[in-house]
Amino acid sequence: MPLIDDWLPEFDVVERHDAAVPVPPERAIELALASPVAPDRFVAALLRARRMPARGQTLEEFFRANDFRKLGRSSTEFAAVLERAGVKIAIDFRAEPIPGGSRLSTETRVRAADERARQRFRLYWLAIGPFSALIRRRWLKAIQEAARR
């Protein structure tokens, strides 16, 4: 069972992406957490626009610098959580074995504390959601490329 299932089993918004990587699950998680949070200029610009500049950080450093609390880490999973402005946010990276390597996924869940916070977050997500998804897909692409080296 994913770690975020315990912390945030019910949520208002979920975003999930995955990619095949040609390495074992343990290595996929290592690569994910050591990957640059801004693997290209476009992701760097999107993070700056959200007032979350990358500053040459890895994904793991980025979460810590932006007040995410590590929920847990195993050889095949990493999860971090944040509570801010009436919402709970959980993000994870998980890797499962598949023929030829691993299926690496990232999932983000958001739960609002009340209806007002939910409405505010939905407006925010309407504007930010597509860009957030693009960032995650670019993270996965960069991790795939690192795994092929």
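The values are calculated or read from the model by the stated rules, or taken from the named source; none is laboratory data. Small disclaimer: the values here were computed from a predicted structure and weren't measured. Neighbour counts are summed over all protein chains in view; Cβ atoms, including those assigned to glycine, are modelled from backbone coordinates with ideal geometry. The accessibility values were calculated without ligands, DNA or RNA, using every heavy atom of the protein model including side chains. Shrake-Rupley method; radii C 1.70, N 1.55, O 1.52, S 1.80 Å.
Among the numbered criteria (1) touching a Gly at 6+ places or on another chain (Cβ under 9 Å); (2) outside any strand (DSSP E or B); (3) within 22 Å of Ala19 (Cα to Cα), which one does Ala117 miss?
(3)
Can you confirm whether the range 2-14 contains a residue that is open to solvent by 20 Å² or more (accessible area, probe 1.4 Å), at negative phi and under 13 Å from the mean Cα position of the chain (by Cα)?
yes
Restricting attention to the range 15-36, and to residues there that are of a type outside the set (Lys, Arg) and closer than 29 Å to Glu115 by Cβ, which single residue is surrounded by the fewest Cβ atoms within 10 Å (Cβ to Cβ)? Spell out how you get there, then give the answer.
First, the residues of the range 15-36 that are of a type outside the set (Lys, Arg): 15, 17-26, 28-36.
Then drop every residue that is not closer than 29 Å to Glu115 by Cβ, which leaves 15, 17.
Numbers: Glu15: 15, His17: 17.
Ranking the qualifying residues of the range 15-36, first place goes to Glu15.
Could you please find all residues in the range 95-121 being in contact with a Phe, Trp or Tyr (Cβ under 8 Å, 6 or more places away or on another chain) and closer than 20 Å to Pro9 by Cα?
Within the range 95-121, the first condition is being in contact with a Phe, Trp or Tyr (Cβ under 8 Å, 6 or more places away or on another chain), and the residues that meet it are 104-106, 109-112.
Matches in the range 95-121: Ser105, Thr106, Arg109, Val110, Arg111, Ala112.
Which of the strands (runs of 3 or more DSSP E) contained wholly in the range 1-108 include at least 2 residues that are touching a Lys or Arg at 6+ places or on another chain (Cβ under 8 Å) and closer than 24 Å to Phe121 by Cβ? So that I can check it myself, show each step before the final result.
On the way: elements: 13-21, 69-74, 77-84, 87-98.
Counting at least 2 such residues, we get 13-21, 77-84, 87-98.
Is it true that Arg149 is of a type in the set (Lys, Arg), over 23 Å from Ala45 (Cα atoms), over 13 Å from the mean Cα position of the chain (by Cα) and at pLDDT below 95?
Numbers: of a type in the set (Lys, Arg): yes; over 23 Å from Ala45 (Cα atoms): yes; over 13 Å from the mean Cα position of the chain (by Cα): yes; at pLDDT below 95: yes.
Answer is yes for this residue.
Would it be correct to say that Gly56 is free of Cβ contacts under 8 Å to residues at least 60 places away in the same chain and not charged (D, E, K, R)? Spell out the reasoning first.
On the way: free of Cβ contacts under 8 Å to residues at least 60 places away in the same chain: yes; not charged (D, E, K, R): yes.
So Gly56 passes the test.
Go through the range 89-110 residue by residue and tally those that are in contact with a strand residue (DSSP E or B) (Cβ under 7 Å, 6 or more places away or on another chain) and open to solvent by 80 Å² or more (accessible area, probe 1.4 Å).
2
Determine the pairs where a residue that is in contact (Cβ under 8 Å) with a residue 12 or more places away in the chain, located within the range 123-140, has a partner that is surrounded by 14 or more Cβ atoms within 10 Å (Cβ to Cβ) and of a type in the set (A, V, I, L, M, F, W, C) with Cβ atoms under 6 Å apart, the partner being 6 or more residues away or on another chain.
Trp125/Val13; Phe131/Leu46; Ile135/Val43; Ile135/Leu46; Arg138/Val43; Leu140/Ala19
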